[in-house]
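To start, the structure itself, in structure tokens.
The values are calculated or read from the model by the stated rules, or taken from the named source; none is laboratory data. Being a predicted model, the structure only gives us computed values, none of them experimental. FYI the Cβ positions are ideal-geometry reconstructions off the backbone, even for glycines, and counts take in every protein chain you see.
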Amino acid sequence: MFLNDTLTLWSAASAPPLLATVAAEYSPIILSGVLLTLVTIFISSKIGSEVAKRLDFPPVLGELVAGVIVGVSALHLVIFPEGGLAAADSLLMTVLQALNHLSPEGLETVFESQSEVISVLAELGVIILLFEIGLESDLRQLKEVGIQAVVVACVGVAAPFAAGTAGLMIVFHVAAIPAIFAGAALTATSIGITSKVLSELGQLKSKEGQIIVGAAVIDDVLGIIVLAVVASLAKTGEIDVTNLIYLIVSATVFLIGSILLGGFFNQAFTSIVKKLETRGNIIIPAFIFAFFMAFLGNAIHLEAILGAFAAGLVLDESDAREELDELIKPIADLLVPIFFVTVGARADLGVLNPTVPENRAGLLIAVFLVVVAVIGKLMTGWAVFGIPGVNRWAIGVGMIPRGEVGLVFAGIGAASGILDKPLQVSIIIMVILTTFVAPPFLRVAFGEAVETATPVDSEL
């Protein structure tokens, strides 16, 4: 008895060192997995963006398509544990296993760890992207279209939510709570994808671009509130009013407060930059501020990307803005493609296969959701008022892509058990199609506007 107790105590005491030894043993292999995945991401993103550029499409579309090709839908080079995927499904992990003679258990450890690192890098990429977009946005112009942006955002949330929820319940006889959840997924707008395309088209500072970006930011806030409401419904069957009020108040205070305090911080930022004499005297303080704002946004249960965007808006009015804008570009060029490739890599186009019986019901619902998703956002362009000659088609198209935001809705709905397989599949299809369709359509919308305006300019 004593011997057994002694062995038990010894085993318990030695467990942490053994675990630490295992972690240390796999660390070099995890690093190899991360590096190999990054090589794959960078090669695919560069090829995709170059092909898209030569076909006169936005490079970001090429990065998304490249992600689909190397991801779960095709080559299985860049995949993630979500959705029941294992290390054995990854070709890169198979290579690492052969090179390092890993056991199946060790391979899973390496796979999960390197996937987590890549996911974190992708999150950093979208944070930097939104920081860059904030820097490129003109706060004065954004204030000028503030009311229009609020109206566009509200219409972009209310119209697809109401039409989607009602249609699912009336036409497809979906239960109330799943229908509400699917309707909520229609409210999302991916600011990352749209803003990147606008930047590439040189339309970010246009009236249309400012309205789209402003509305997308507000849309994100409203989407967070809607997500909180439907998630509460899924868990308890009732809305947590206290949490709802907290989200509304915190989002409002955070965004408005950040902008109002911008003038004070710009003076402090400029003063600090002038006193620093070592390398990174501008970029390092800027990233400290951006990451801290992103942290605050995350800490108060908003989105980190909203904090990064707010930081960019604040520093946009600083004296070092132009130099900072140039310094951030190479960093964004390195990390932002990771985000777009991983968005494409996570999109499983296998849900489009009609030969799978469980996909057929979802395909019918998906057609309905895609139509509602497109029309519901196109309507936002006609909600703009007081701006003569505004490109309403461009505004509507710019609000269409759901991107990673829509996938969050689908993921939470599936995890909570509130969405059955057909409805889950239909939401994923809607997210994929709106994400990939919007960039080329946005280019066409602005292209038509330029061609229309040319004769007028020549006459003047």
Number of positions in segment 168-219 that are farther than 21 Å from TRP393 by Cα and surrounded by 24 or more Cβ atoms within 10 Å (Cβ to Cβ): 6
The one condition GLU277 fails out of (1) in a helix (DSSP H, G or I); (2) loosely packed, with under 11 Cβ neighbours inside 10 Å is (1)
Within segment 205-218, residues at pLDDT below 80 and part of a helix (DSSP H, G or I) come out as VAL217, ILE218
Those residues of segment 327-360 which are free of Cβ contacts under 8 Å to residues at least 60 places away in the same chain and either in contact with a strand residue (DSSP E or B) (Cβ under 9 Å, 6 or more places away or on another chain) or within 15 Å of LEU121 (Cβ to Cβ) (or both) amount to ASP333, LEU334
When you look at LEU129, is it within 29 Å of ILE283 (Cβ to Cβ) and in the same structural domain as ILE328 (by TED's automatic domain parsing), yes or no? yes
Turns out the helices (runs of 4 or more DSSP H) fully within segment 88-201 with at least 1 residues that are farther than 30 Å from ILE375 by Cβ are 91-100, 104-136, 139-144
Of everything in segment 68-87, what is buried (at least 19 other Cβ atoms within 10 Å of the Cβ), part of a helix (DSSP H, G or I) and at pLDDT 90 or above? Give them in sequence order. VAL70
Residues being part of a helix (DSSP H, G or I) and surrounded by fewer than 17 Cβ atoms within 10 Å (Cβ to Cβ) - total across segment 334-377: 11
Report yes if VAL374 is modelled with pLDDT under 75 and under 16 Å from GLY183 (Cα atoms), otherwise no. no
Check on PHE111, outside the structural domain of GLY350 (by TED's automatic domain parsing), farther than 30 Å from PRO440 by Cβ and touching a Ser or Thr at 6+ places or on another chain (Cβ under 9 Å): yes
All conditions in (1) at pLDDT below 85; (2) closer than 20 Å to ILE429 by Cβ; (3) hydrophobic (A, V, I, L, M, F, W, C) are true of ILE387 except (2)
